[in-house]
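The values are calculated or read from the model by the stated rules, or taken from the named source; none is laboratory data. Model, not experiment: these values are computed from the prediction. No Cβ is skipped: glycine too gets one built from the backbone with ideal geometry, and neighbour counts run over all protein chains shown.
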Ligand code: UDP
Ligand code: MG
């Protein structure tokens, strides 16, 4: 199969028939052999009923129904593991992304050798507050990751199937798939300016808290990419540095005391100096950081992921 279109849908009953129809028109006119995988993310409207009807009418429509609402990342991950196309395209269910982009996206993955092509909603039809915060957010993400994308969180993205079979999206990490993919060794990340439209039916599923959460997730992912495999390098380093600093301060205070005594002068109490307390605090915090690193290493060691490597190719092996 050429293409799997993965569509996460949470209460999108009104949009889905139109979306499926549109995808079918586009794909059949450019003779792309496709499937649509819709994940009903625990909707409490008619979404599942609509999907049942669609799937009866059109065998290219496949659907998975979650028992409850798990979030977009979970929906995407499930779609990824069900997908059997050579190219996988993700698309929001709300008709904000245009299926007209499909043929070009497929071409970029199949013929131009991109691992990922991310949509860029250059002209956006979203509320002002979302457009501005999103600009800011994308700037940070770019700086942070070094990946030159204008629109990290665009729902419309195309992937080489190998990418989606190699990464794991969970929590709210759907915003960072390009980073996850690059971490997995897929570095050819491209961008395509795509049409964007205002939401036609229904309402957005996210509130303002998405911006704060987005930033926290960015920190998490930056940290995990850099230190996930060897947390001791971070905590141990910081902990050791802090402990040493405190130790030197305390040593200085102690030495000063000894010198005073040695010269038979009346020595000030070590505890009179504020540095004593600072040294104490810094040493304690340093030890805790060190211990944290140690615990994190223990957790890693027991993880089933510890020896998971992505193999690209093999030669002279039997299977
Ligand atoms: N979505 C989902 N589960 C959720 C929230 C959203 O599957 O818990 C889907 C939603 O149905 C839509 C896509 O994710 O297809 C993007 O959501 P939305 O359009 O509400 O986000 P926005 O366009 O406002 O960023
Ligand atoms: Mg939307």
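Could you tell me whether the stretch 270-290 includes any residue that is in a loop (DSSP other than H, G, I, E, B) and either out of contact with any strand residue (DSSP E or B) (no Cβ under 7 Å at 6 or more places or on another chain) or surrounded by 15 or more Cβ atoms within 10 Å (Cβ to Cβ) (or both)? Spell out the reasoning first.
Residues of the stretch 270-290 in a loop (DSSP other than H, G, I, E, B): 273.
Then keep just the ones that are either out of contact with any strand residue (DSSP E or B) (no Cβ under 7 Å at 6 or more places or on another chain) or surrounded by 15 or more Cβ atoms within 10 Å (Cβ to Cβ) (or both); that gives 273.
Within the stretch 270-290 (the criterion being in a loop (DSSP other than H, G, I, E, B) and either out of contact with any strand residue (DSSP E or B) (no Cβ under 7 Å at 6 or more places or on another chain) or surrounded by 15 or more Cβ atoms within 10 Å (Cβ to Cβ) (or both)), the answer is yes, since at least one residue qualifies.
If the requirement is being at positive phi and not in a helix (DSSP H, G or I), which of these qualifies: 113, 119, 85?
Numbers: 119 fails: at positive phi; 85 fails: at positive phi.
Unique residue meeting the criteria: 113.
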Could you list, in sequence order, all residues of the stretch 87-121 that are without any contact (Cβ under 8 Å) to a residue 24 or more places away in the chain and either crowded, with 19+ Cβ neighbours inside 10 Å or farther than 16 Å from residue 193 by Cα (or both)?
111
Being in contact with a helix residue (DSSP H, G or I) (Cβ under 7 Å, 6 or more places away or on another chain) and closer than 20 Å to residue 101 by Cα is the filter here, so list the residues in the stretch 8-18 that pass it.
8, 9, 16, 17
From the list 6, 26, 38, which one is more than 14 Å from ligand 1 (Cβ to nearest atom) and either under 29 Å from residue 114 (Cα atoms) or in contact with a strand residue (DSSP E or B) (Cβ under 8 Å, 6 or more places away or on another chain) (or both)?
26
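Take residue 100 and tell me if it is modelled with pLDDT of 95 or more, away from ligand 2 (no atom under 16 Å from the Cβ) and over 23 Å from the mean Cα position of the chain (by Cα). It would help to see each step written out before you state the result.
Values: modelled with pLDDT of 95 or more: yes; away from ligand 2 (no atom under 16 Å from the Cβ): yes; over 23 Å from the mean Cα position of the chain (by Cα): yes.
Here the answer is yes, as residue 100 does meet what is asked.
Step by step: first the residues of the stretch 1-31, then only those that are assigned to a loop (DSSP other than H, G, I, E, B) and within 16 Å of ligand 2 (Cβ to nearest atom), then the one that is nearest to the chain's Cα centre (by Cα). Which residue is that?
Step one: filter the stretch 1-31 for residues assigned to a loop (DSSP other than H, G, I, E, B), giving 1-2, 10-15, 30-31.
Within this subset, residues satisfying the condition of being within 16 Å of ligand 2 (Cβ to nearest atom) are 10-15.
Details: 10: 20, 11: 23, 12: 24, 13: 27, 14: 29, 15: 26 Å.
Step by step, filter the stretch 1-31, then rank; the result is 10.
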Would you be able to tell me the number of residues in the stretch 198-248 that are surrounded by 15 or more Cβ atoms within 10 Å (Cβ to Cβ), away from ligand 2 (no atom under 16 Å from the Cβ) and not in a helix (DSSP H, G or I)?
1
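Out of curiosity, is residue 179 modelled with pLDDT of 90 or more, surrounded by 14 or more Cβ atoms within 10 Å (Cβ to Cβ) and either within 16 Å of the chain's Cα centre (by Cα) or over 21 Å from residue 98 (Cα atoms) (or both)?
Working: modelled with pLDDT of 90 or more: yes; surrounded by 14 or more Cβ atoms within 10 Å (Cβ to Cβ): yes; either within 16 Å of the chain's Cα centre (by Cα) or over 21 Å from residue 98 (Cα atoms) (or both): yes.
Judged against the criteria, residue 179 is a match.
One line per residue, one yes/no per condition, for (1) outside any helix (DSSP H, G or I); (2) more than 25 Å from residue 69 (Cβ to Cβ); (3) within 15 Å of ligand 2 (Cβ to nearest atom):
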position	(1), (2), (3)
130	no, no, yes
138	no, yes, no
141	no, yes, no
147	yes, yes, no
155	yes, no, yes
170	yes, no, no
181	no, yes, no
185	yes, yes, no
